[in-house]
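What follows is a single structure, written as structure tokens, with notes after it.
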Amino acid sequence: MPDLSKITSIEDLRVIAQRRVPRMFYDYADSGAWTEGTYRANETDFQKIKLRQRVAVNMEGRSTRTTMIGEEVSMPVAIAPTGMTGMQHADGEILGAKAAKAFGIPFTLSTMSICSLEDIAANTNGHPFWFQLYVMKDRDFIERLIDRAKAANCSALQLTLDLQVLGQRHKDIKNGLTAPPKLTIANMINLATKPAWCLGMLGTKRRTFGNIVGHAKNVGDLSSLSSWTAEQFDPALSWADVEWIKKRWGGKLILKGIMDVEDARLAASSGADALIVSNHGGRQLDGAQSSIEALPAIVEAVGTEIEVWMDGGIRSGQDVLKARALGARGTLIGRSFLYALGAYGEAGVTRALQILHKELDITMAFCGRTQIDDVDSSILLPGTF
């Protein structure tokens with residue numbers, strides 16, 4: 001285990017990940033659509049919100065423990081689903097799931113993961129985790145995928161609603177993003193500067209989309225995968241499909257990608273257990289609101305009917321506290337997780353969670369609260385949110 005005691009922020013991990021991860025995969029994680037304006041706003045809009053410091057308050061006995069859809073969590077943070085996580089670090093999804101389990105927070109596996117549902121279950125001794133579902137045109141494949149999630153002991157299904165069509169990320173096009181990477185001269189030169197990453201990939205058999213290859217019709221290898229994915233994302237996805245998936249799944253359902261009050265009301269009336277205020281990390285509709293800016297109106301509209309969570313731009317425990325103060329029952333981290341994984345694997349993810357927890361705990365104390373469930377907008381400076 002490396003000594004990571006001098007790693008004191010998520011930014012430290014980002015810098016190291018940029019050095020260690022091949023350019024095409026680092027850029028895949030660290031990019032937004034078009035001008036990246038919404039991607040940047042997700043972070044910067046948190047900085048506008050100011051905290052009220054309180055003094056002479058008994059700060060003993062603090063706890064960040066709470067629940068998300070009835071599941072106990074050590075802090076109101078879950079690991080968000082991220083595609084191609086296993087290309088940031090060999091066996092990345094497995095390492096993330098193990099770190100999350102040890103820390104007592106939920107891990108969400110993406111449909112577009114490198115490690116499969118079965119890989120996660122086998123390497124966490126059947127510990128419950130969440131699964132994120134993309135709706136494909138091949139409904140038979142989706143039904144079997146849902147059944148596999150049940151068999152893997154997934155305790156919640158996270159249905160992503162904002163990827164009916166793919167947003168354009170310029171860096172991915174310029175880098176010729178593929179999994180595994182195409183051996184162009186530029187990519188080979190770049191890979192030569194990432195020896196630890198290359199050794200890790202040589203040591204694993206997991207280098208493709210484990211939930212899809214060998215499971216979807218006529219997708220037996222990477223050459224057939226790219227054409228399948230290009231055709232399969234379903235632009236006709238509707239609320240009727242949400243109802244069908246809810247019935248087929250039969251368990252706890254989370255709807256991801258809500259940015260509008262009207263859509264939030266539809267999500268609440270669908271019978272889902274939670275919704276996630278999310279703009280897909282600024283990777284879909286550039287020019288949309290930041291997630292933290294959209295959060296308060298959605299909480300006000302449906303917060304008594306359904307659990308409201310948020311993701312996008314969380315780089316510190318202070319961000320988690322601000323989201324909680326504005327009504328988010330829970331938060332999810334994507335890039336903060338990927339930076340940590342790319343930097344140091346499982347140990348990096350553990351360190352990132354330690355950093356977030358410490359920042360959350362200390363900031364909560366300075367704001368005069370000792371229990372996360374007692375945090376509300378009164379800890380924020382009026383006029384800054």
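The values are calculated or read from the model by the stated rules, or taken from the named source; none is laboratory data. All values reported here derive from a predicted model rather than from experimental measurement. Reconstructed Cβ throughout: ideal geometry from the backbone, glycine too, with neighbour counts over all protein chains shown. Remember, those area values only see protein heavy atoms, side chains included, never the ligands or the DNA or RNA. Shrake-Rupley method; radii C 1.70, N 1.55, O 1.52, S 1.80 Å.
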Being without any contact (Cβ under 8 Å) to a residue 24 or more places away in the chain, part of a loop (DSSP other than H, G, I, E, B) and more than 13 Å from residue 23 (Cα to Cα) is the filter here, so list the residues in the stretch 185-214 that pass it. 205, 213, 214
Within the stretch 150-184, work out how many residues are out of contact with any strand residue (DSSP E or B) (no Cβ under 9 Å at 6 or more places or on another chain), in a loop (DSSP other than H, G, I, E, B) and over 21 Å from residue 108 (Cα atoms). 11
Just wondering, is there one or more residues in the stretch 294-310 that are closer than 17 Å to residue 81 by Cα, open to solvent by 30 Å² or more (accessible area, probe 1.4 Å) and of a type outside the set (Asp, Glu)? no
Failed item, numbered, when residue 117 is tested on (1) out of contact with any strand residue (DSSP E or B) (no Cβ under 9 Å at 6 or more places or on another chain); (2) surrounded by 24 or more Cβ atoms within 10 Å (Cβ to Cβ); (3) over 17 Å from residue 340 (Cβ atoms): (1)
Exclusive hit being open to solvent by less than 20 Å² (accessible area, probe 1.4 Å), small (Gly, Ala, Ser) and within 25 Å of residue 39 (Cβ to Cβ), set 328, 272: 328
It is to be established whether one or more residues within the stretch 361-369 are within 30 Å of residue 1 (Cα to Cα) and out of contact with any Gly (no Cβ under 9 Å at 6 or more places or on another chain). no
Inspect all residues belonging to the stretch 132-144 and state whether any of them is among the polar types (S, T, N, Q), crowded, with 18+ Cβ neighbours inside 10 Å, farther than 22 Å from residue 73 by Cα and in contact (Cβ under 8 Å) with a residue 40 or more places away in the chain. no
Leading residue by the ranking (surrounded by the most Cβ atoms within 10 Å (Cβ to Cβ)) among those in the stretch 230-240 that are at pLDDT below 95 and assigned to a helix (DSSP H, G or I): 232
Here, helices (runs of 4 or more DSSP H) confined to the stretch 253-371 with at least 1 residues that are more than 19 Å from residue 43 (Cα to Cα) are 261-269, 291-302, 335-366
Say whether the condition of being touching a Gly at 6+ places or on another chain (Cβ under 6 Å), of a type in the set (D, E, K, R) and crowded, with 18+ Cβ neighbours inside 10 Å is met by at least one residue in the stretch 167-176. no
In the set 85, 67, 111, the lone residue that is open to solvent by 10 Å² or more (accessible area, probe 1.4 Å) and of a type in the set (S, T, N, Q) is 67
What tally of residues in the stretch 275-293 results from selecting those that are open to solvent by less than 10 Å² (accessible area, probe 1.4 Å) and among the charged types (D, E, K, R)? 0
Condition set open to solvent by 40 Å² or more (accessible area, probe 1.4 Å) and either in contact with a Cys (Cβ under 8 Å, 6 or more places away or on another chain) or assigned to a loop (DSSP other than H, G, I, E, B) (or both), scope the stretch 4-15, selection nearest to residue 363 (Cα to Cα): answer is 8
